[in-house]
Amino acid sequence: MTSTEAFDRRLLGGRYRLEEKIGQGGMGLVVRAIDVVLSREVAIKLLTEETTTIDEEIASRFLREAQNTARLAHENIVSVYDFGREPDGSLYFVMELCRGETLSSALRRQTRLPVTEAVHVATQICAALAVAHQHGVIHRDLKPANVMLVPTPQDPLFVKVLDFGVAKSIQAGHETTQLTRTGMIVGTVEYMAPEQIIGRPVDARTDIYALGVLLYRMLAGSPVFIEQGVPAIIHNHLNTEPESICKRAPEANVPRSLDKVVQRCLAKRPEGRYATMGDVTRAIREALDVGLAALPDLGFEDDRESWAKTEVAASPFDDVYDPHAPTGEAPHDEISVEIDLEDELSSQETRVARRSAATIDTPIPPAIQRSQKAPKTKR
């Protein structure tokens, strides 16, 4: 992510001199800047009226992203230093500058990662999200574009997890979440868990599903579901059992034991998955038959207890659907789609929303339709 686009070198907040744009997403620009007070380079996520209409909803979401990230102190999570608002209404928060490439960029370049490298990346992601879950924060948008690979002298595949912009926070018995338009379910559909797609409560296991999709992509060299189009992807997440990695990509030489770990992460019902990121890491270690000394201690001893204090739903699915049941002549539920313009591998990044005004129709299993509280449209 490089650019020669230069800024007017103005000072944000009286101390941050903007240098060049290094990225752009759905929530504004990311700019390389200089903190003139501490004489260090930083990255600034900047939201201006030129790029986005800043209403109360957008401002609250932007602030929440800064707050969620700032309170998660971990070496594998990007650090947030500051937050501010300019007189013209522009919003910004200041982060550490990470030099490297996204996992999505790495996968475009080499298709898949060797097993040892994929496992190394995955366990670092587990470590980062275990801390988030201990603080009651669910990422909800884990994907290769939100994983940065930052080479260090000790580790060429050091991970930084980015973008808690759609994270849900569950604290002290109540939920807070990123504000979205009424009825919208936010996330990236290729990595979205079934319960997230149908708007049921999410918890740590929702991120574990996304981790399974990501790990599958790293090992197999292709997405879990290769069909094109949002309706097909949604249908597969809800109804189709993934093909084993060993069958999809035998040339990758993925151990069957590791394949089974990924398959469990991808269980349709949350209770079929691992309960915590610590459980996932331990399962990966066991699958590769390595001792605890072979991988760094990620400090998961208390993560199950910590998450139990914040978990709000033991089972988002309560006999909502049978993934093996035929759909029959099911009427169509209405699902509209927002396109995320960020390039994600070779496919479009999409964001799913349930609204009354549909732009795309896709069949939804009858049991799910019966679970929806919204009134059906008469046909």
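Just so it is clear, none of the values below were taken in a lab; they were calculated from the coordinates. Please read these numbers as outputs of a predicted model, since none were measured by experiment. Glycine gets a Cβ as well: all are built from the backbone with ideal geometry, and neighbour counts include every protein chain shown.
The simple Förster model, with R0 at 22 Å and r as the Cβ-Cβ distance, assigns Arg40 and Arg109 a FRET efficiency of 0.15. Residues whose amide H lies under 5 Å from that of Ile22, counting only those 5 or more places away or on a different chain, are Val30, Val31, Arg32; hydrogens are built 1.01 Å from N in the peptide plane.
Between Ala73 and Arg15, what is 0.36 nm times their sequence separation minus the Cα-Cα distance? Round to one decimal in nm.
Between Ala73 and Arg15, full extension yields 18.5 nm more.
More than 19 Å apart: what percent of Cα pairs in the stretch 11-96 qualify? Distances greater than 19 Å cover 35 percent of the Cα pairs. Sparse packing (at most 10 other Cβ atoms within 10 Å of the Cβ) combined with a DSSP loop state is found for none of the GluC sites (Glu not before Pro) in the stretch 183-275. Amide hydrogen proximity for Phe83: with H placed 1.01 Å from N in the peptide plane, the residues at 5 or more positions away or on another chain lying under 5 Å are Val94. Across the stretch 228-234, coupling constants 3J(HN,Hα) worked out from phi with the 6.51/-1.76/1.60 Karplus curve, θ = phi - 60°, read 8, x, 4, x, 5, 5, 4 Hz, and Gly and Pro carry x.
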